[in-house]
1. Using the eigenvalues of the Cα gyration tensor, what equivalent ellipsoid semi-axes result for the stretch 135-269 when each is taken as the square root of five times the eigenvalue, whole Å, largest first?
2. In whole angstrom, note down how far apart the Cα centers of the stretch 226-269 and the stretch 98-121 are.
3. Can you give the three extents of the C-alpha atoms in the stretch 213-269 along their principal axes, from longest to shortest, in whole Å?
4. What do you get for GluC sites (Glu not before Pro) in the stretch 188-269 restricted to DSSP loop and a cutoff of at most 12 other Cβ within 10 Å of the site's Cβ?
5. Give the shape of the stretch 195-243 as rounded, prolate or oblate, defined through the alpha-carbon gyration tensor: a ≥ b ≥ c are the square roots of its eigenvalues, a/c under 1.5 means rounded, and otherwise the shape is prolate if a/b is larger than b/c and oblate if not.
6. When ligands, DNA and RNA are left out and all protein chains stay put, how many square angstrom of accessible area per residue does the stretch 111-151 have with a 1.4 Å probe?
7. By the gyration tensor of its Cα atoms, with a ≥ b ≥ c the square roots of the eigenvalues, what is the shape of the stretch 69-201: rounded for a/c under 1.5, prolate for a/b over b/c, or oblate?
8. If the cut-off is a Cα-Cα distance under 17 Å, which aspartates and glutamates reach LYS261, setting aside same-chain residues fewer than 8 apart in sequence?
Amino acid sequence: MLNPAPATIEPRAVETEFHGEVALVALNRPDQLNAINEEIRLLLPQVLEELEHDDAVRVILLHGGTARGFCAGADIKEIRAAETALQVRERNMRRAWIDGFDRVTKPVIAAVHGHCLGGGMEMALACDIRIASPDAVFALPETGLGLIPGAGGTQRLHRLVGQGRALDLLLTGDRIDAAEAHRIGLVTRLAADRQSLLDEALALAQRIAGRAPLATAYVKEAARAAGDLTLAAGQALERNLFALLSTTADKAEAARAFKEKRKPVFGGK
Ligand code: DAK
């Protein structure tokens with residue numbers, strides 16, 4: 001019997017590879033500058049959910065892969081007038097793709113190069129840490145397209161950079177470069193150059209991956225909640241999470257390792 005023809009493996013718009021405990025998630029539509037199409041909106045939350053439940057993964061690193069930029073925003077070629085109530089409802093449900101980031105308890109880092117526009121910038125905003133190469137360019141140009149950001153941009157940006165700067169960027173659609181993004185706190189780290197971006201981001205991810213996983217998840221939970229809670233409620237949450245961590249094997253291991261003058265080995269328990 002003839003061997004069956006090998007199945008062709010279509011490249012997916014979101015690809016994952018693993019470096020130890022770090023999962024590198026690449027947007028993979030290089031010919032379209034990683035514009036966010038239906039496939040990305042479908043796949044990205046799925047991938048994030050899989051990685052969230054994968055015990056071997058401690059940190060997720062999102063990047064623009066081989067494209068000339070991180071992401072040029074929503075796929076404009078796919079945007080069409082959706083007039084019926086059903087179409088509008090379906091469109092609103094698809095918009096929830098960005099919520100996939102909020103369901104991840106593990107740290108998520110965005111490594112940004114080149115264009116980071118519209119929905120691409122909203123994706124970066126949904127991550128916990130943003131590191132950019134000097135060629136990165138950020139903008140929310142939606143009002144120029146008769147839209148407003150639909151994936152959290154109006155809500156997340158001002159929490160990071162303050163309302164004045166957020167409104168400036170939202171109302172003008174102006175592009176800012178990596179140095180300005182760093183100056184206003186939109187990104188917290190600048191890579192030396194485009195070539196070293198992924199290595200630097202990976203090294204950062206690996207450092208975080210070496211820390212106690214439950215503590216990392218809880219500190220993320222507490223810090224992200226800080227934007228929404230009163231000081232008293234936030235401190236109550238912090239105390240509860242602190243108490244929970246006091247009971248963990250990793251906390252005991254850290255104390256033991258300190259006494260034995262060695263690096264702790266964390267099991268995430
Ligand atoms: N969509 C589709 N294709 C795009 C694209 C985009 N956003 N951006 C670039 N491309 C494609 C180009 O069409 C071109 O493809 P070919 O023509 O070669 O097939 C290829 O990527 C390379 O782009 P360029 O040739 O234009 O490259 P340049 O270096 O000259 O320019 C650029 C790069 C990023 C300045 C330029 O491509 C550009 O201005 N792109 C559009 C940027 C933009 O306005 N993005 C949209 C932001 S607004 C929604 C929810 C959310 C949103 C919308 C709807 N609903 C729920 C309905 C969010 C909206 C946004 O993200």
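1. Over the Cα atoms of the stretch 135-269, the ellipsoid semi-axes are 37, 22, 11 Å.
2. That distance is 26 Å.
3. If we take the Cα atoms of the stretch 213-269, the spans are 41, 17, 15 Å.
4. Passing both the DSSP loop test and the Cβ count: GLU260.
5. Cα axes put the stretch 195-243 in the oblate bin.
6. Accessible area per residue: 26 Å².
7. Prolate.
8. The reachable aspartates and glutamates, counting only those whose Cα sits under 17 Å from LYS261, are ASP250, GLU253.
The values are calculated or read from the model by the stated rules, or taken from the named source; none is laboratory data. Being a predicted model, the structure only gives us computed values, none of them experimental. Cβ coordinates were reconstructed from backbone atoms using ideal geometry, including for glycine residues, and neighbour counts include every protein chain displayed. With ligands, DNA and RNA removed, areas are computed over all heavy atoms of the protein, side chains included. Shrake-Rupley method; radii C 1.70, N 1.55, O 1.52, S 1.80 Å.
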